[in-house]
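What follows is one structure encoded as structure tokens, with my remarks underneath.
Values quoted throughout were computed directly from the atomic coordinates according to the rules given, and no laboratory measurement underlies them. Keep in mind that this is a model prediction, so the values were computed, not measured. Cβ sites come from the backbone with ideal geometry, for glycine too, and all protein chains shown count toward neighbours.
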Amino acid sequence: MLGEGILKGLGETARNFVGSYVSAERLTTIQYPEERIAPIEATRDFPFLVYDGADWEAGLRCVACQICEKECPPKCIYIVKSTDKKPDALGKLQIYPVRFDIDISVCMSCQICVEVCPFEAIKMDTQFELSTTDRFGGLLYDRKELAKSNEYYHSIHPIEAKKVDAHLAEEKMKADAKAGAAAAAAAAKAAAAPVVAKPAVPATPAAAPAGATQRAEGEKQG
Ligand code: SF4
Ligand code: SF4
């Protein structure tokens, strides 16, 4: 019927309007900022960097592979790699970001950086009250401002963070098993290697005892 969709929409609006006087579930607006709705699991605003443990700098999961920097559509990520290495979340020596900036004023919250990261190092935050009078510097976040703990990640995306923890634990188990197998194979190879005999060293003539020399000299003189 012509206009059926419009009538349905008006009916729903009327149901919410009348219902809001008797049921809180029918309220579609709240008195923000005094009232707030808890963000749902899928809420996303801008990215942050996850770290494990108590030290944000040592615990950053990011290994500066720069995949997110390359894939970010508006190019608002800037990374500088380290020249040395430190252990990553799996205990493997890796390079790390000495600089990791995101220009939040340019970020469009697409989450591509999160999707492409192979190390579960970057996730989407739910913070949206980020207004500032400093249009440029105030919205350019460095790695310290971007770093947030895994506990924080669990608090905003509990279901997703649990899956990520399980995935990282599985990866660590695989890496440990691989390292153990490689060490066992190396040890077995070393044990099976033939022992190469050392060439015999020619015996040096034994020095004549001092008493014998003296006797010989005495016989010559006599
Ligand atoms: S969310 Fe999208 S735009 Fe923002 S930093 Fe990640 S890839 Fe770039
Ligand atoms: S956040 Fe992930 S994808 Fe981006 S540089 Fe770090 S490890 Fe690579």
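According to the Cα-based calculation, Rg over Rh for segment 25-113 is 1.12, with Rh computed by the Kirkwood formula. Give the calculated FRET efficiency between residue 70 and residue 171 to the nearest 0.05, with a Förster radius of 30 Å applied to their Cβ-Cβ distance. In this case the efficiency is close to 0.85.
Residue separation of residue 81 and residue 182 scaled by 0.36 nm, minus their Cα-Cα distance, works out to 33.4 nm of gained length. Placing +1 on the Cβ of every Lys and Arg and -1 on the Cβ of every Asp and Glu, with nothing else charged, gives the chain a dipole about its Cα centre of roughly 1120 debye. Residues 100, 128, 136, ranked from the fewest to the most other C-beta atoms within 10 Å, line up as 136, 128, 100. The Cys residues in the chain with no partner Cys Cβ within less than 4.7 Å of their Cβ are 62, 65, 72, 76, 107, 110, 117.
Legend: P(r) of segment 48-180 from all alpha carbon pair distances, 5 Å bins from 0, whole percents, reading 2, 10, 19, 24, 21, 15, 6, 3, 1, 0, 0.
Kindly put 102, 30 in sequence by how many other C-beta atoms sit within 10 Å of each C-beta, fewest to most.
On the way: 102 27, 30 11.
Placing the least packed residue first, the sequence is 30, 102.
Mean shadow of the chain, computed from the convex hull of its alpha carbons, in nm²? Over all viewing directions, the chain projects a mean Cα-hull area of 30.1 nm².
Projecting the Cα atoms of 117, 193, 128 onto the dipole axis of the chain, where Lys and Arg carry +1 and Asp and Glu carry -1 at the beta carbon, places 193 farthest toward the positive end.
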